[in-house]
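Take a look at the structure set out below.
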Amino acid sequence: MPAHVGLVTLVTLYDFVKRVRPRKVRELAGSREAEVLRTASEGELRAIALAYGALPSLTLRMLTVEDVCSGGGGWTFASGEDFAVACTLRVRAYYSTTEDMDAVLEDILTEGDTPGSRIVFSHDNEPLVTPDSGRLYGRGQTVAWDLPACPVEEVAARTRACDPPLYRCLCEGDHATVADIRNAHGRVVRLGLHAVRYFRVDR
């Protein structure tokens, strides 16, 4: 047997032996502990989205949730993937506005000045990127808006079918696409929240 064939065989066998079985991953992802942490994490992310939606210049039109739980192990275990299950939550919110972006940004910064606000941008915490770029980057939050040469990107197509608790995918609101929002209401503003690893069980 050629050496490279033997190596591939050994790696395949090792991967099979070390990888966490799908049934175990599903069991852990659906556990009571995971569900409690999932609900709490999603609630906090939704609260941030609603804080932006409460601003006078923004109207929340669509909210997407992607919740992925996967098993670790396999041949990559030595690089930090040696876990039984890990779950990650991503939330994006899409708003419309009829206001000039200077007014929208002023609303965002003013609300961020309020003690305890869920909005991280404020007059004392200057955004990392200038408004002319169409992007603001903060601690765990990114705000993007339509520019003539750089409109807000469309919602990414799903690459797999929803299969809770391993893969949850939600799209809520009166519109299913960014184009629909733009055509019906004008400028689109998107809030991207950094992915949250809310549950992990080590092997």
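The values are calculated or read from the model by the stated rules, or taken from the named source; none is laboratory data. Computed from a predicted structure; not experimentally measured. Cβ atoms come from the backbone with ideal geometry, glycine included; neighbour counts cover every protein chain shown. These area figures cover heavy atoms from the full protein model, side chains too; ligands, DNA and RNA do not enter into them. Shrake-Rupley method; radii C 1.70, N 1.55, O 1.52, S 1.80 Å.
Inter-label distance, Lys24 to Ser70: 1.8 nm, where each label sits 7 Å from its Cα along the C-beta direction.
Ordering 45-58, 85-98, 163-176 by mean Cβ neighbour count within 10 Å, with the highest value first, yields 85-98, 45-58, 163-176. Residue separation of Val36 and Leu170 scaled by 0.36 nm, minus their Cα-Cα distance, works out to 46.4 nm of gained length.
For region 169-182, backbone phi angles converted through the Karplus equation (6.51, -1.76, 1.60; θ = phi - 60°) give residue-by-residue couplings of 9, 10, 9, 10, x, 7, 10, 9, 9, 5, 4, 4, 4, 4 Hz, Gly and Pro being listed as x.
On a C-alpha basis, how far is the centre of region 85-156 from the centre of region 29-47 in Å? Whole number, if you could? About 24 Å separates the Cα centre of region 85-156 from the one of region 29-47.
Could you please state how large a percent of the accessible area of region 87-185 is carbon and sulfur, counting protein chains only and using a 1.4 Å probe? Can you show the working numbers first?
Working: 2780 of 5450 Å².
Summing carbon and sulfur atoms, their accessible area is 51 percent of the total for region 87-185.
Under a 5 Å amide H cut-off, with hydrogens placed 1.01 Å from N, Val85 pairs with Gly72, Val201 among residues at least 5 apart or on other chains.
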